[in-house]
Structure formats: structure tokens, C-alpha cells
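What follows is a short report on a single structure.
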Amino acid sequence: MTTLMIISKTKNTGKTAIASGLLRNFIDKKIDIGKIITTKQSSSSDIDFYRNFFPEAENIHLNDSSKINIESLLKNQTINIIEGSEDHEKNLKDAQALDASILLVVKYGENFQKILDHYGSRINGFVINFMPKYRTKELQDYIDKNTKNSQAEFFGIIPDDRKLLSLTIEQLASILNGEFICGEEYSSKLIENYLIGGLVLDWGPFYFSSKKNNAVIVRGDRPDVQLSALQTNETQALLLTKGVAPVEYISYEAEKVNKPIILFDDNTHEFTEKVEKIQLKSSINHPEKIDRISDLISDKLDLNLLIEKLKLPVTR
């Protein structure tokens, strides 16, 4: 088939997530995946990610002439994947060398007409990521505004999704300088929602089960609220504020149900503000996230159209 380069206008737009979701769908559809190609701009974490989660594909480096033969790639009847960088001149040069077609990932709201113009006919289409739920009525106007001089196909949208933006308990503790009181061995779970255990007017277990995969932010000196939160299956961790360690009974109850308790020095208000700002540190590097983006791509994108486009020669 071809080599598919996945690019974006800016960082943190979801290139790696889209690439991993496409790879999983191609594999599920029994489409041969040839190679995952990296460049000098590829981070070591991205290289490790593809090696760990997609062992079916061979990882090679574009600038390592001993490992890559461009002629063989051009003749190979498989899909090769390369993730571009924010250096669009370098991307275009690499795409021309590999005769690659380009998929553009854009974050809803950013202007991308100049990017389409820059890559010209090498762009086979685009995907809109981080699509807000309540902006769908404006979607067509947004697309029309940015595609006036382009024949690029619109393959679909990926909506805002809590799981894809979530962090693991371990990542939360690391980023926000938390101290594990117990349960560190259970800290690989994803946190999708945060509930504040302050003045809870509803029955405690009812309130703390209102959101799935939640972490409860609560003062360290509120064992009543902490115990109530631990009684629900939806609560995955207690995030204690004000630097006050829990009473021994609370730690005992948390250990019984394998739920981490993490202690933070900030007060509840300060800590909550920090939590709101850390979503950009989220990465796709989690099995549940790869499953989720794969499902979203299968449901929301026109994969058949993309695959048919990949079978055609790149128009020059």
C-alpha cells in the first residue's frame, strides 16, 4: 500500500493517540503493518511506546541507512506508519522521500488552512481531535472555513474523552508531589473524575458512587468522609490535603479494599486548582487508553475511506 505520515500543526494534538488507534484497527482488520518509522525528532518515550505496545511492527529509524531501504518501502504491500514533528519543512522532505501520504490531526478551533496549503496534494485527509460535545452544530462552518482551496478528505472527529485525558494514580502522585500512605502497588489505575469530599449533602456512598473511576479529594482530618468514600467501588483513591495523615483505622480500611491513599501538603482549594491544570501531561501510554482510542476511531472515523485512499498513488 503506502507509508502514512501523521502530522499536526502544534504539540499535544494527539498524533500518537491517533497513530496507535489506527494501528490497532489495521491489525484488527488483518491489514499488514510493515514498519513504524522514527526520525531524529522522535522522543525516546515515543519510540519505547511503539515498541512496547505494537511488537507486531518493526521499528526502524529513518536516518539510519543501515536499517532502512527506501526502495523496499516503496514496493512493499503494507502500511508503514511515521509520526511527523512540528518541523513542517522536514516533514514534507521526509514524505517526499518515502512517497508518503499525510494525515493531518487538528485540535478543534485551530486554523489549519495554511498547513493544508503547505503539504498540497500529499495530504490525503484530516481528523478533528478534541471535539467539544456542544460544538457539533458549528462543525461544518469550521471545516468550510479551513478547506477553501483543498481537496483533502474529512475522515471524522474524535470527541473530548475523559479516559484519554486521564492520569494514573501514580502519575498524579508524581506530578503533584504526593506521598503514598498505602496502596502504591495499586496505583496504575486511571482516574477519570475527581470528587471533593467537603460538605456532602447527599448520603455519602451515593455521592461518591455518582462518577466512575474517581479519586476523592478530602482533608486529611475528615475520617468520616474518607470512610464513606472507601465504601464505594467507584472510588479508586483518596487524595488527602493539608498534609494531615489519616488515622490508622482509615489506612487499615483502605488496605483491605486495595485503594491507595496519597498525602499532599496543599489545602483542598490549592490542590483542586493544580489538578485542573495537569491534563496536558496526560499521555496515551496505557492499555485502557489504547483500547479507548481504537474504539473511538472505529466508531467515529470513516476508516474504509481512509484505507481506500491509502491504496491509491499519492498525487503529485
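The values are calculated or read from the model by the stated rules, or taken from the named source; none is laboratory data. Small disclaimer: the values here were computed from a predicted structure and weren't measured. No Cβ is skipped: glycine too gets one built from the backbone with ideal geometry, and neighbour counts run over all protein chains shown.
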| message | Can you say whether Thr241 is touching a Ser or Thr at 6+ places or on another chain (Cβ under 6 Å), more than 30 Å from Asn124 (Cα to Cα), among the hydroxyl-bearing types (Ser, Thr, Tyr) and not assigned by TED's automatic domain parsing to the domain that holds Ala19, as far as the supplied structure shows? | response | yes
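Among what's in segment 39-54 and is among the hydroxyl-bearing types (Ser, Thr, Tyr) and closer than 24 Å to Ala97 by Cα, pick the residue that is surrounded by the most Cβ atoms within 10 Å (Cβ to Cβ).
Ranking the qualifying residues of segment 39-54, first place goes to Tyr50.
Looking for whichever is of a type in the set (D, E, K, R), more than 30 Å from Ile307 (Cα to Cα) and either at pLDDT 95 or above or out of contact with any His (no Cβ under 7 Å at 6 or more places or on another chain) (or both) here; the options are Glu138, Glu153, Glu170. Which one fits?
Working: Glu138 fails: more than 30 Å from Ile307 (Cα to Cα); Glu153 fails: more than 30 Å from Ile307 (Cα to Cα).
Residue meeting the stated conditions: Glu170.
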| request: Could you identify the single residue in Ile36, Ile70 that is surrounded by fewer than 19 Cβ atoms within 10 Å (Cβ to Cβ), at pLDDT below 95 and not charged (D, E, K, R)? | output: Ile70
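Tell me, which helices (runs of 4 or more DSSP H) wholly within segment 201-293 include 1 or more residues that are hydroxyl-bearing (Ser, Thr, Tyr), modelled with pLDDT of 95 or more and at negative phi?
In segment 201-293, the matching helices (runs of 4 or more DSSP H) lie at 248-256.
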| query | Out of Glu270, Glu276, which single residue is more than 30 Å from Ile18 (Cβ to Cβ) and of a type outside the set (A, V, I, L, M)? | reply | Glu270
| task | Hey, can you tell me all the residues within segment 8-30 that are loosely packed, with under 15 Cβ neighbours inside 10 Å and out of contact with any helix residue (DSSP H, G or I) (no Cβ under 7 Å at 6 or more places or on another chain)? | result | Thr10, Lys11, Asp28, Lys29, Lys30
